[in-house]
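Asks: Starting off with a structure, shown below.
The values are calculated or read from the model by the stated rules, or taken from the named source; none is laboratory data. For clarity, every value in this text was computed on a predicted model and none was experimentally measured. Cβ atoms come from the backbone with ideal geometry, glycine included; neighbour counts cover every protein chain shown. Remember, those area values only see protein heavy atoms, side chains included, never the ligands or the DNA or RNA. Shrake-Rupley method; radii C 1.70, N 1.55, O 1.52, S 1.80 Å.
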Amino acid sequence: MAQQVRRADVCAVAIADCFRGDGEILANPIGNLPVLGGRLARALHEPRLVMTDGEAHLAGEVHPLGAAPEVVEGWNPYRRMFDVLWNGRRHVMMGASQIDRYGNQNIAAIGPDPDRPARQLIGFRGAPGNTINNPTSYWVPNHGTRVFVEKVDLVCGIGYDRAAELGEVARFHDLRQVITNLAVLDFETPDHRMRLRSVHPGVTVEEVVAATGFELAIPDEVPQTRLPTPDELAAIERLDPGGLRLREVKD
């Protein structure tokens with residue numbers, strides 16, 4: 001009997017594909033599904049990726065979510081992470097409470113007045129340095145108009161329009177992809193406006209458009225996000241035995 005493919009599995013392999021071709025850099029996905037996708041990439045097609053255990057060690061193996069690695073190949077304390085960040089040898093996948101058509105991201109506060117926000121979020125964190133120095137992608141588990149907005153209330157991670165204004169300061173700026181529970185998006189357009197790259201199985205282009213608060217660049221033909229292979233499904237089950245991915249994305 002064929003194994004059931006869940007939406008979360010499709011998202012996991014889409015995230016893994018986001019790291020395809022990265023080679024020997026630090027993959028720094030944040031959150032359960034991004035970490036699952038990063039480990040899936042290392043296990044199946046990017047064996048030279050370097051990944052942490054989520055703490056201060058470099059994992060010497062591809063270990064399941066929620067478990068500590070049995071093999072540690074290096075020490076990576078907080079201060080050392082900045083050396084990696086500043087030299088650009090890192091691909092980070094962050095979240096976004098808001099994101100606009102050029103990839104400007106907000107994770108700090110919601111509301112028109114940043115001094116008196118309607119909702120206080122986690123703060124700027126590493127978003128400014130990440131987006132200026134490293135390849136950056138985003139994971140959005142709930143694709144909707146409250147996240148995909150015409151203008152973010154506060155810019156944390158900079159988008160392509162602001163990077164262009166900064167010039168040489170942002171010469172390493174490189175936004176790759178935005179993976180959501182509905183689709184895969186990128187910025188591969190002449191003006192780096194967000195483009196619909198693929199829709200997940202069971203999702204229509206019209207549903208993605210309705211869930212986005214700005215006009216997307218939409219090709220004449222929008223493919224379906226690829227399904228996991230049997231090897232990938234087996235690896236997903238091994239790496240996420242507790243089904244954490246299924247709590248984050250529902251079918």
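Asks: Of the listed peptides 217-225, 130-138, 48-56, what is their order by residue-averaged count of other C-beta atoms within 10 Å, with the highest listed first?
Replies: Descending mean neighbour count gives 130-138, 48-56, 217-225.
Asks: For Phe148, enumerate residues with amide H under 5 Å from its amide H, sequence gap 5+ or separate chain, H modeled in the peptide plane.
Replies: Ile99, Gly213
Asks: Please compute the net charge surrounding Glu221, taking Lys and Arg as +1 and Asp and Glu as -1 over other residues with Cβ under 14 Å from its Cβ.
Replies: +1
Asks: What accessible area per residue comes out for the range 4-84, rounded to a whole number of Å², with a 1.4 Å probe?
Replies: 45
Asks: Now, a different point. Which residues' amide hydrogens lie under 5 Å from the amide hydrogen of Val178, considering only partners 5 or more residues apart or on another chain, with H built in the peptide plane?
Replies: Residues meeting the amide H criterion: Tyr138, Leu185, Asp186.
Asks: For the chain, calculate the relative contact order in percent as a whole number, restricting contacts to Cα pairs under 8 Å that are 6 or more residues apart.
Replies: Worked out over the chain, it gives 22 percent.
Asks: I've got another one for you. By how many nm would the segment from Ile30 to Leu58 lengthen if fully extended, with 0.36 nm per residue of separation less the alpha-carbon distance?
Replies: Working it through step by step, the gained length comes to 8.6 nm.
Asks: Determine the sum of side-chain charges near Leu26: Lys and Arg each +1, Asp and Glu each -1, restricted to other residues whose C-beta is under 13 angstrom from that of Leu26.
Replies: Local net charge: -1.
Asks: If you roll a 1.4 Å probe over the chain with all protein chains in place, what percent of the accessible area is carbon or sulfur?
Replies: After summing per-atom areas, the C and S share lands at 51 percent.
Asks: Tabulate in residue order the Karplus-calculated ³J(HN,Hα) for the range 221-231, using 6.51 cos²θ - 1.76 cosθ + 1.60 with θ = phi - 60°, rounded to whole Hz; enter x for Gly and Pro.
Replies: Going residue by residue, I get 10, 9, x, 8, 4, 5, 7, x, 7, x, 5 Hz, with x marking Gly and Pro.
Asks: Still on this structure, I have one more. Read phi for every residue in the range 123-132 and hand back ³J(HN,Hα) as whole Hz from Karplus 6.51 cos²θ - 1.76 cosθ + 1.60, θ = phi - 60°, with x for Gly and Pro.
Replies: Ordered by residue, 3J(HN,Hα) equals x, 5, 6, x, 4, x, x, 4, 6, 7 Hz.
Asks: Roughly speaking, what is the stretch gain from Arg247 to Thr229, that is 0.36 nm per residue apart minus the C-alpha to C-alpha distance, in nm to one decimal?
Replies: Full extension of this stretch gives 4.3 nm more.
Asks: Let me ask something additional. Using a Gaussian network model of the chain whose springs link C-alpha atoms within less than 10 Å, name the residue from Gly37, Gly213, Gly103 with the highest mean-square fluctuation.
Replies: Result: Gly213 has the largest fluctuation of those listed.
Asks: If you take the square roots of the eigenvalues of the alpha-carbon gyration tensor of the chain and sort them as a ≥ b ≥ c, do you get rounded (a/c under 1.5), prolate (a/b over b/c) or oblate?
Replies: In terms of gyration-tensor shape, oblate.
Asks: Still on this structure: Under the classification rounded if a/c is under 1.5, otherwise prolate if a/b is larger than b/c and oblate if not, where does the range 1-79 fall, given a ≥ b ≥ c as square roots of the Cα gyration tensor eigenvalues?
Replies: Because a/c hits 1.5 or more and a/b exceeds b/c, the range 1-79 counts as prolate.
Asks: Would you kindly derive the ³J(HN,Hα) couplings of the range 232-244 from the backbone phi angles with the Karplus curve 6.51 cos²θ - 1.76 cosθ + 1.60 (θ = phi - 60°), listing them in order in whole Hz, with x for Gly and Pro?
Replies: Karplus-based 3J(HN,Hα) across the range 232-244 equals 5, 4, 5, 5, 4, 5, 5, 7, 10, x, x, x, 4 Hz.
Asks: Would you calculate, for the chain, the mean residue ellipticity at 222 nm contributed by helices, counting each DSSP H stretch of 4 or more residues as -39,500 (n - 2.57) and dividing by all residues, to the nearest 500?
Replies: Calculated mean residue ellipticity at 222 nm is -7500 deg cm²/dmol.
Asks: If I model a spin label at Asp115 and Arg146 as a point 7 Å from the Cα along the Cα→Cβ vector, what separation in nanometres do I get?
Replies: About 2.7 nm, to one decimal.
Asks: What is the sum of charges, Lys and Arg at +1 and Asp and Glu at -1, for the other residues whose Cβ falls under 11 Å from the Cβ of Gly74?
Replies: Once all neighbours under 11 Å are counted, the net charge is -1.
Asks: Give me the dipole magnitude in Debye, nearest 20, for the range 151-228 about the Cα centre, with unit charges on the beta carbon: positive for Lys and Arg, negative for Asp and Glu.
Replies: 240
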